[in-house]
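Structure record follows, encoded as structure tokens.
The values are calculated or read from the model by the stated rules, or taken from the named source; none is laboratory data. For clarity, every value in this text was computed on a predicted model and none was experimentally measured. Note that each Cβ is placed from the backbone with ideal geometry, even for glycine, and that neighbours are counted across all protein chains shown. Keep in mind that these areas ignore ligands, DNA and RNA; they rest on the heavy atoms of the full protein, side chains included. Shrake-Rupley method; radii C 1.70, N 1.55, O 1.52, S 1.80 Å.
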Protein chains: 4
Amino acid sequence: MSTGLSRKLAAESLGTAVLLAVVIGSGVMGERLAAGNTAIALLGNTLATGAALVVLIWIFGPISGAHFNPAVTLIAALRRDLSPVTALAYIAVQIGGAVLGVWVAHAMFGEPILQMSTKLRSGGAQAFSEVVATSGLIGTILGVSRFRPDSTPMAVGLYITSAYWFTASTSFANPAVTLARSLSDTFAGIAPASAPAFILAQVVGALLAAGVFGWLLKTERTA
Amino acid sequence: MSTGLSRKLAAESLGTAVLLAVVIGSGVMGERLAAGNTAIALLGNTLATGAALVVLIWIFGPISGAHFNPAVTLIAALRRDLSPVTALAYIAVQIGGAVLGVWVAHAMFGEPILQMSTKLRSGGAQAFSEVVATSGLIGTILGVSRFRPDSTPMAVGLYITSAYWFTASTSFANPAVTLARSLSDTFAGIAPASAPAFILAQVVGALLAAGVFGWLLKTERTA
Amino acid sequence: MSTGLSRKLAAESLGTAVLLAVVIGSGVMGERLAAGNTAIALLGNTLATGAALVVLIWIFGPISGAHFNPAVTLIAALRRDLSPVTALAYIAVQIGGAVLGVWVAHAMFGEPILQMSTKLRSGGAQAFSEVVATSGLIGTILGVSRFRPDSTPMAVGLYITSAYWFTASTSFANPAVTLARSLSDTFAGIAPASAPAFILAQVVGALLAAGVFGWLLKTERTA
Amino acid sequence: MSTGLSRKLAAESLGTAVLLAVVIGSGVMGERLAAGNTAIALLGNTLATGAALVVLIWIFGPISGAHFNPAVTLIAALRRDLSPVTALAYIAVQIGGAVLGVWVAHAMFGEPILQMSTKLRSGGAQAFSEVVATSGLIGTILGVSRFRPDSTPMAVGLYITSAYWFTASTSFANPAVTLARSLSDTFAGIAPASAPAFILAQVVGALLAAGVFGWLLKTERTA
């Protein structure tokens, strides 16, 4: 393994770990303080996640591209920005980092480290929400990086800020995040039984957006 | 129809659809979670809409101008930035996209797809609010794009963030949005009977701002 | 009066009017919706005011400098960026615009147009808060415009967002705003009897900041 | 002492004072208004602190580097960006400014000036939170200033916005802030008995991040 690749994998792993620590940690904070008002808990969760994403992409973008998300890595590989082997390595360390991040959040809040979520998030509406959420995320990345690449980190943070509220699933939009959140029986958790449909929907949404935006953005180049 | 125009219309349609999915979806989320505290629901609705607008204009601005709003298209046509035929096509697909976005939001939240709002928003104060809201939106677009065009997407997002709170109507400021929101009996809905006065007020506000800012900004060029 | 000056005065007047419509309007919205939780009302009021300030300074900054505030105009005149006569004209139209903005907000919310606030905001702690709030505002403008002028509009919006929360007076920091808010018996109002101490404190704070930052920033030039 | 250094120390002292006035002041405001809902108080506290940090770093960054934090100064000294003597002077005035800022906040809110916190924040989870919080802050500064230096002020503000929510300690991440907050028996206070563990954890976190990011960022230069 080249030195460059090891640094890229460290960046993907560390960045995804912090992202999960933020998602889980701010969820616990909101749940503990909000006195039962879930909307206020979600406001804090949203603010923390959106802000952290911008910072993480600013930090790690120049090193690894700051995917933190197997769906993003999949699209990058399909667009040949990444070799298949590198893509698989990215996805492996994203999942590893994500799980580590959940455990860090549990440790910070004095929760048992090892947990399993019991929060069911099932049904067609939830799955459809994940299709929409992930296609929006991929569309944001492809669209903004095409014309205003410097604004992509801010765009991803703002998109997720919005998507936590406008999708019924609160926008997981990330298979590594989905797997890791099944290991936390807190505000942001998801029961393992609900995870496969989420991940399938995320892949469908990502492919859908890659198709639509491939057409929409290519035309601009040639028309 | 040229290839360029079909991509522009796709951009206007898709962008307006996402905008409406955000407005309606985050409204339902807020209403369901906020335990009757409407101010908290409006906070979530505001955050989601303002953030999404910035991202949508970053994505679609370079393709179609990112109007998503017949009032904006009307002013662009009057300023000869757009031909009358193109303007009519823009408005048609904006309305179509807006309706589609409402239905997507309903599907995500497991609501009946076809609805009709029963929320009356009538009276002179509401109409006057829409005059103010729309003139502010047009003033923001004309003023910021004149001196700091790169900041226009952020300016529109921040303006709507503010206008959701400082106008009594929560700032629809968009005839396509108004029509589409009449098809949702949720937080962000508007009874069909209240829509015509809103749309008339929006057109008045847009023309007013175009006049005032035409004068204010032209002087700067020549003085 | 030159054409250029009349446009500057129109910009100061219109910008201050919108600022007050935002402050008063979002205060009423918060008060009506927040079900007695003043912190939530203040969150909405803060979000709306901070966002609007950024947009207003982006729009009107290139025309008039976007003071919207007699304390800012006073410091500009003392630093000879503005003639005394122009400064007096700025202050006059700022006050006129501010009053108009209050009335626009009342009209939007179906409130009686003419009101007088009964909300006492008196005592040394409130006055001291206004010294701090205004010196912070002037320090923000002088400091950021010295090294990063393009960021000044965003800095002013972020500063006021913060100052609404960290000062006991919720940071009026503006004599025209103070006078105009005495004409609204709503969330953001101030009893006329409390206004003179606020305005005196604002002038003291502005002069204090001009002195401190004059020294701090001049040294950087020569050291 | 050179003129340049005296201005740097004034900047560090004044900036840290304002930071503490914001942290304590917005905490009191939140606590008084939020009617017992701590999550809403923390939202206001977060918004005010994050926004102020961006502005303060924009203002004072070009003068002193805008550390406002002995942990940041320590890392800068270890990286030889600062001489040991200057670093000690920075830390001394940061602490002095921080204490002054707490007293200013107390004066603004009509609280007794001299207080001692009784709020225990002890245990391993709290200390671990401070390790995470401070390593994240140092990682943000080192990572963003390496590739996007102009975005560092915004990055620090966004990071703290996030860290107030995702760490169990609400992210003090600053020894001067920790000492000063022990002098306030309000929302943001910390009992003096809990301060040493916090400060130790902050130093550990800072050193950890300096090591990790030294490796991660150096590689990018040479690979």
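Test of understanding: among A:Ala66, A:Ala71, A:Ala41, A:Ala35, which residue is at the interface with chain D (Cβ under 8 Å from one of its Cβ atoms) and either modelled with pLDDT of 95 or more or under 18 Å from A:Ser162 (Cα atoms) (or both)?
It is A:Ala41.
Is it true that some residue in the range B:194-216 is at pLDDT 95 or above, open to solvent by 10 Å² or more (accessible area, probe 1.4 Å) and at positive phi?
Within the range B:194-216, none of the residues are at pLDDT 95 or above, open to solvent by 10 Å² or more (accessible area, probe 1.4 Å) and at positive phi.
Of all the residues that make up the range B:63-95, how many are aliphatic (A, V, I, L, M) and in contact (Cβ under 8 Å) with a residue 60 or more places away in the chain?
Selection size over the range B:63-95: 10.
Going residue by residue through the range D:39-47, is there one that turns out to be within 21 Å of C:Ala168 (Cβ to Cβ), among the small types (Gly, Ala, Ser) and touching a Gly at 6+ places or on another chain (Cβ under 6 Å)?
Checked the range D:39-47: at least one residue is within 21 Å of C:Ala168 (Cβ to Cβ), among the small types (Gly, Ala, Ser) and touching a Gly at 6+ places or on another chain (Cβ under 6 Å).
Which pairs do you get when a residue that is within 29 Å of A:Ser6 (Cβ to Cβ) and touching a residue at least 12 places away in the same chain (Cβ under 8 Å), found in the range D:194-213, comes within reach of a residue that is open to solvent by 40 Å² or more (accessible area, probe 1.4 Å) and outside any helix (DSSP H, G or I), reach meaning Cβ atoms under 9 angstrom, with the pair 6+ apart or on two chains?
Correct list of pairs: D:Ala210/D:Arg79.
Which residues, taken from the range A:140-159, are at the interface with another protein chain (Cβ under 7 Å from one of its Cβ atoms), surrounded by 22 or more Cβ atoms within 10 Å (Cβ to Cβ) and of a type outside the set (A, V, I, L, M)?
A:Thr140, A:Gly143, A:Tyr159 - these are the residues of the range A:140-159 that are at the interface with another protein chain (Cβ under 7 Å from one of its Cβ atoms), surrounded by 22 or more Cβ atoms within 10 Å (Cβ to Cβ) and of a type outside the set (A, V, I, L, M).
If you go through the range B:90-133, how many residues are more than 26 Å from B:Met29 (Cα to Cα) and in a helix (DSSP H, G or I)?
Adding up the residues that qualify gives 10.
What are the residues in the range C:44-62 that are open to solvent by 30 Å² or more (accessible area, probe 1.4 Å) and either free of Cβ contacts under 8 Å to residues at least 24 places away in the same chain or more than 8 Å from chain B (Cβ to nearest Cβ) (or both), if any?
Selection gives C:Pro62 alone.
Suppose we keep only residues that are assigned to a loop (DSSP other than H, G, I, E, B) and polar (S, T, N, Q) within the range C:2-41. Which one would you say is farthest from D:Ala39 (Cα to Cα)?
Per the stated criteria, the residue is C:Ser2.
Being surrounded by fewer than 20 Cβ atoms within 10 Å (Cβ to Cβ) and either at the interface with chain A (Cβ under 10 Å from one of its Cβ atoms) or part of a loop (DSSP other than H, G, I, E, B) (or both) is the filter here, so list the residues in the range B:74-88 that pass it.
Matches in the range B:74-88: B:Arg79, B:Arg80, B:Asp81, B:Ser83.
Please go through (1) more than 10 Å from chain B (Cβ to nearest Cβ); (2) modelled with pLDDT of 95 or more for C:Met1 and return the number of the only condition it doesn't satisfy.
Here C:Met1 meets the rest and fails (2).
So, C:Asp185, is that one surrounded by fewer than 20 Cβ atoms within 10 Å (Cβ to Cβ) and more than 22 Å from C:Ala17 (Cβ to Cβ) or not?
no
With the checklist (1) over 21 Å from D:Ile190 (Cβ atoms); (2) crowded, with 19+ Cβ neighbours inside 10 Å in hand, flag the one item D:Leu19 doesn't pass.
If we test D:Leu19 against (1) over 21 Å from D:Ile190 (Cβ atoms); (2) crowded, with 19+ Cβ neighbours inside 10 Å, just (1) comes out false.
Just to be sure I understand the filter: pairs with C-beta atoms under 7 Å, separated by 6 or more residues or on different chains, first member in the range A:110-121 and within 17 Å of A:Ser169 (Cβ to Cβ) and open to solvent by less than 50 Å² (accessible area, probe 1.4 Å), second member charged (D, E, K, R) and in a loop (DSSP other than H, G, I, E, B). Which pairs pass?
That search, which allows pairs on different chains as well, returns A:Ser117/A:Asp185.
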